[in-house]
Amino acid sequence: MSLAACDERPAPAAASDRLIVETTDGLAVVDSTTGRATVPAGPSVVTGDWTRLVRTDWTGKGTRLATHELPGGEVVAGGTLRDRLEARVVSPDGRLVALASPKGPRSRTTVVVADSSGERVRVDLPGNLEPEAFDATGQFLFVLDYLPPTAPDRYRVRAIDLGARALQPLLTRTKSVVPAGAEEEMRGQGRQSVYDPVRGQLFTLYTHQPDHLHTRDLLAGARDSAPHVHAFVHTLHLTERWAYCIDLPEPFGARAAEGHAIALSESGNRLCVVDATTATLATIDPTALNVVSVRPLPAPSTPAPPQPC
């Protein structure tokens, strides 16, 4: 596991900090002082501002949905939905949650959008779909469309129009519809995401892209450097519904995905990607969407060895 931070001097941890940890059973919230779990591990997702955690549990008759206020873990909303579903993403304002059929190869997917009053939208669509993010209005849900559905080896990003209950392609940065055949099909691993509330953008770090071509390559022709790109940051604009990829130079993506992490500075002016295995830091301009610097991480300070008495 790797942690990333963009600020030079992060604030010291408070004695009552709660930690959100990922376990084999799902996310849990742990009191950093006592080690006690204030929210037990289970299938869960958290809001982009880390103020709420949404958890699902299968009861044998339906899916129990509970929203926990953080850091204390108090349940502030809940209900039961029919069918076996798992929470995938929460809207930026924390109002909506998208749930889907359990992960795995499948030819059709049930997607449900719920709020504090219960189920709002239910769609059953062909394909193997995984919710990725809501748009800023809550009217569209971005999904990963895995291909081929029953034996997936790649995926593309599309959007469900929740009003029309239909899949749509994304837009380009010039706000034109991506034409058929030019939708990016990714073959790597989505490592980690960070949400930028000021720009309304979701940045996701991907690693290991052996034969991936971005939409701009498919429209304009592949670049000579494309085969050497092993990692990139996928930018999803949650208001204008376009996507754009920022290539990362070597050595990013050349080693284990678990050694990589992404973070946004407190000011929002810098996006940082760390490759801990090679001690390399890339800094990205989140407005221009380009890499502005790549440099080695400073070595951690080593405490002086104890002196003999």
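Extending 7 Å from the Cα toward the beta-carbon at both Ala288 and His208 defines two label points whose distance is 3.3 nm. Assuming charge only on the beta carbon of Lys and Arg (+1) and of Asp and Glu (-1), the dipole of region 26-108 about its Cα centre is about 520 debye to the nearest 20. Eigenvalues of the alpha-carbon gyration tensor of region 40-104, scaled by 5 and square-rooted, set the equivalent ellipsoid semi-axes at 19, 13, 10 angstrom, largest first. Coupling constants for region 64-77 follow from the phi torsions by the Karplus curve (6.51 cos²θ - 1.76 cosθ + 1.60, θ = phi - 60°), and in residue order they are 7, 10, 9, 9, 9, 7, 9, x, x, x, 5, 7, 10, 7 Hz; glycine and proline get x.
For Ala261, the amide hydrogen comes within under 5 Å of the amide hydrogens of Val274, Ala276, counting only partners 5 or more places away or on other chains and with H modelled in the peptide plane. Ordered by the number of other Cβ atoms lying within 10 Å of each residue's own Cβ, fewest first, Thr277, Thr34 fall into the sequence Thr34, Thr277. In terms of other Cβ atoms within 10 Å, Ser101, Ser176, Ser44 run from fewest to most in the order Ser176, Ser101, Ser44.
Approximating the spin labels as points 7 Å out from Cα along Cα→Cβ, the Asp17-to-Thr33 distance works out to 1.4 nm.
Charge dipole (Cα centre; +1 on Lys/Arg Cβ, -1 on Asp/Glu Cβ; no other charges) of region 71-201 amounts to roughly 200 debye.
Only the coordinates and a few stated rules stand behind these numbers; no lab work does. Keep in mind that what you see is a predicted model, and the values were worked out from it rather than measured. Cβ sites come from the backbone with ideal geometry, for glycine too, and all protein chains shown count toward neighbours.
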